[in-house]
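Novice: Pasting a structure here, questions to come.
Taken together, the values in this text are just the output of simple stated rules run on the coordinates, not laboratory data. What you see is a predicted model; the values in this text were computed from it and never measured. Here the Cβ positions follow ideal geometry from the backbone for every residue, glycine too, while neighbour counts run over all protein chains shown.
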Amino acid sequence: MAQSYQTKCKKLAGTNFKEIYKKAFLIYSRIKKQSKRRPYIRSKYFNKDKIFLSIFWEHLHNKFSLKDKIRRVKYFECAIELIQNTKFDPISKENVDRKSEILHRFTGITKENEIFFVQIKENKKTSQKHFVSTFPLND
């Protein structure tokens, strides 16, 4: 297993999707206000490159299971912290479906010692990077 980044924040608390989603979207909204166009954060691992965030929300809304949506969105704040601060190498591999993309999977540990993953998609031609997903090791 790859080296894991220890976050200082806890996963988002809440009993239902609406409650957790509201907290996560508030964090996203703060980030969104800092950029004029597409919301992004900068990553230490990728030499301060921009990591765009909007695909995460599209990916989340494409999920059918409410339980799956909840377990993913709970890790949003931890994922943001990991993307911004980790210097550990991810597990990177070419996307099987699209040869023009590389998928980077980072490993993180929440303050409660729960292991989670963050997936970032990189376009080989443009070098643009997008935060795609976050999810726990097992639930």
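Novice: Per DSSP H run of n ≥ 4, the term is -39500 (n - 2.57); total these for the chain, divide by its residue number, and report the mean residue ellipticity at 222 nm rounded to 500 deg cm²/dmol. Show your work: numbers first, answer last.
Specialist: Values: 4 runs with 43 residues, N = 139.
Calculated from helices alone, the mean residue ellipticity at 222 nm is -9500 deg cm²/dmol.
Novice: Which order results if Thr134, Thr15 are arranged by neighbouring Cβ count within 10 Å, fewest first?
Specialist: In increasing order of surrounding Cβ atoms, one gets Thr15, Thr134.
Novice: Now, a different point. With P(r) over Cα pairs in 5 Å bins from 0, in percent as the read-out, I listed (1) 2, 10, 20, 25, 22, 14, 6, 1, 0; (2) 2, 9, 17, 20, 18, 12, 7, 5, 4, 3, 2, 1, 0; (3) 2, 6, 8, 9, 10, 9, 8, 6, 5, 5, 6, 7, 6, 5, 4, 2, 1, 0, 0; which label goes with the value calculated from this structure?
Specialist: Given (1) 2, 10, 20, 25, 22, 14, 6, 1, 0; (2) 2, 9, 17, 20, 18, 12, 7, 5, 4, 3, 2, 1, 0; (3) 2, 6, 8, 9, 10, 9, 8, 6, 5, 5, 6, 7, 6, 5, 4, 2, 1, 0, 0, the structure-derived one carries the label (1).
Novice: How high is the FRET efficiency from Lys23 to Phe46, r the C-beta distance, R0 25 Å, rounded to 0.05? Write out the running numbers ahead of the final one.
Specialist: Details: r = 26 Å, r/R0 = 1.06.
About 0.40, to the nearest 0.05.
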